[in-house]
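Chemist: Let me begin by handing over the structure; questions about it come next.
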Amino acid sequence: MYDLATLKNMVTRATDMTEQDRQKSEKARDYYSGDQISPARMAEMKKRKMPPIVNNLIVRKVDAMVGIEQQRRTDPRAFPRTPMDEQSADVATKSLVYVDDTTRFDAKRSGAFENLLVEGYGGVEVVVEEKRGQFDVVVNRLRWEDIFYDPYSREKDFSDATFLGVMRWQTLDQAEELYGPTYEGEGTLDDVLQATMDSVPQSYNDRPDDKAGFSWADPKQKRVRVAQMYYQQKGVWYLSIFTGGGILYEGESPYLDEDGKPECPIILMTAYVDRENRRFGIVESLIPMQDEVNARRQRLLQLALTRQATVVKGATDASILKRQLADPDAVIEIDPDMIEGAAQVGAKPFEIIPQMDQVQAQFQLLQESKESIDKLGPNAALLGQLGGQQSGRAIMAQQNAGMAELAPIYDSLRDWTLRCYRAMWARIKQFWTEERYVRVTDELEAPQFVGLNVNRGWGLDPNTLQLMPQIENNVGTIDVDIIIDDAPDMVTLQQEQFDQLAKMASSGVPIPPEVLIEASSLRDKKRLIDLMEQAKQEAMQAQAGQVQAQQQAEQQKYQNDTLDTQSQAAVRGAQARKYDADAAKTQFEIRQAQTSTAIAAAMGVMPQTAAGL
């Protein structure tokens, strides 16, 4: 662990080497806020009686880029790394969405992105706070003026930085409440907090600043500046919290990555980095053009409000002439005696000097200056502000061309967002060890409750054949990859394709409803398609049940018909057998009669007698 002197030296080195860069970042923020005229220039304009005109094109440019970022917001998704985690990926997705909603990450991302565009860099810290007996993941937005970093870092994502940190001003009561339970240093915490040490650069002043300079502590206002630094040593991240008088906390970083190693929870992003490791945003490149626009508008207004004239000496009073030329209802009196003398020398006693050539030149240069700003960043094509009738495909092509120069910045934003979500998932795996339920509301406003680390009793472990607690949705064992779905840049081409599909469907072309929903601009299309698929499966199951019932009915009818046929066959068999018996009986009776007749004939008696014999 570093001692206090080393820690303070690291902070001093970082602040001193980046002070000029931070002053330029402050200037960029002033221009974004409309404060674009320096005090010296304002005094000069006042002396020349020039109006302080500011046509703030920078704020519109930055807000347009932030608006594009807001339109491209999407929720994170988790995908399994192994087949065993396929079912758990949905749990991870819902947990991330829950953290995203509760921490208001979208709004904080927009704030950090604005810092990236204006000051050149910004970020958040993904930490945890204990609330109601549980650890909740918290995303704290870091103000750019509180951040300090390794000045030798060259990468946009600060991946090569050996230390990152923030310096915040706090009241003594706040500092004692935050660091009192963990303070283990020498002396009392109150003595450490009230210590007055070295001064720091102007850009780290307390806001609002009521004096020229300050130290680590301000006894008059009872405020102290506390530095929270994460630094890397031999591949391990450490955390030190200190002020000018001593160290308040030190140890390994309490936050672990997905591999169980200490990591830095501060996640930063940068717009541009030059060869001197200076970080800056797009506003710095717009400042010269913005100054030119303001200057030419001021010049145009000055030319419109002032007039110059030539006058023969003695024809009129010069002081009166100046006042009259500034009056829209000017009436200038000329000494009639001077008219004849001026005509003799071929001159006019009084004449207004034309300035239209200067006005036109200034106006053309002003238009070129505005066009130069318009060509940087979001243009009219990208924002859908072009007039005329154009097809969706043509507008989409123009928008893609406008997005090409913005792609590096939005790529940095996407990478930063992905790193934030991965840090959230690492905090979830590390600190969500107890049983808890999270509520996730989808786009259809249907709340879903997901249980995490739910104990389902005891069961037999198939590997060890021992009784083990059965934990459902154990987030500590879920292994997933976090991705971000890219939102479409604009919807014009998508709308055109949907209209064509809708016309084809209305004309009788068999287009599945899922295809129409996928091509539409409806929100939560995947959810709608899943519901349709679920309804289709239920309908197929119901239809299969009806078919099965009909088949069973037909089979039962066939069996009944078979039994009826068999019964009828048995009856016919019995009747046939009865007929055969009757026939046999008749034959017997005939043969018996014939025998009786023969006997009677032989004996010479009557057949009846023979029959009786």
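Chemist: Given the pairs Lys156/Lys526; Lys27/Lys47; Lys94/Lys261; Lys108/Lys131, which are separated by over 28 angstrom at their Cα positions? Before the final figure, lay out the partial values.
Modeler: Numbers: Lys156/Lys526 34 Å; Lys27/Lys47 24 Å; Lys94/Lys261 25 Å; Lys108/Lys131 21 Å.
Violating the 28 Å Cα-Cα cut-off are Lys156/Lys526.
Chemist: Please give the Cα centre distance for the range 21-57 versus the range 546-571, rounded to the nearest Å.
Modeler: Cα centroid to Cα centroid, the span is 98 Å.
Chemist: Still on this structure, I have one more. Tally Lys/Arg at +1 and Asp/Glu at -1 over every other residue whose Cβ is under 11 Å from the Cβ of Ala227; what's the total? Display every interim value, and only then the final one.
Modeler: Details: positive: Lys8, Arg168, Arg225; negative: Asp146.
Local charge sum for Ala227: +2.
Chemist: Using alpha carbon coordinates only, what is the Rg to Rh ratio of the range 42-123, with Rh defined as the Kirkwood radius? If you can, show how the numbers build up before the last one.
Modeler: Working: Rg = 22.1 Å, Rh = 16.5 Å.
That ratio equals 1.34.
Chemist: Averaged over every viewing direction, what's the projected area of the C-alpha convex hull for the range 1-140? Give it in nm², one decimal, please. Walk me through the intermediate numbers first.
Modeler: On the way: hull surface 60.6 nm².
Mean orientational projected area (the range 1-140, Cα hull): 15.1 nm².
Chemist: Let me check I've understood the local charge: for Arg154, count other residues with C-beta under 13 angstrom from its C-beta, Lys and Arg +1, Asp and Glu -1. What total comes out? Intermediate results must be reported in sequence, preceding the final value.
Modeler: Details: positive: Lys156, Arg275, Arg278, Arg279; negative: Asp150, Glu155, Asp157, Asp160, Asp274, Glu276.
Net local charge, Arg154 excluded: -2.
Chemist: Along the Cα-to-C-beta direction of Met17, a point sits 7 Å from the Cα; which residues of the range 272-291 have their amide N less than 12 Å from that point?
Modeler: Under cut-off, by backbone N: 276-278.
Any read-out appearing in this document is the output of simple, stated calculations on the displayed coordinates, not a laboratory observation. It should be emphasised that the depicted structure is a prediction, and the values quoted were computed from it without experimental measurement. Note that each Cβ is placed from the backbone with ideal geometry, even for glycine, and that neighbours are counted across all protein chains shown.
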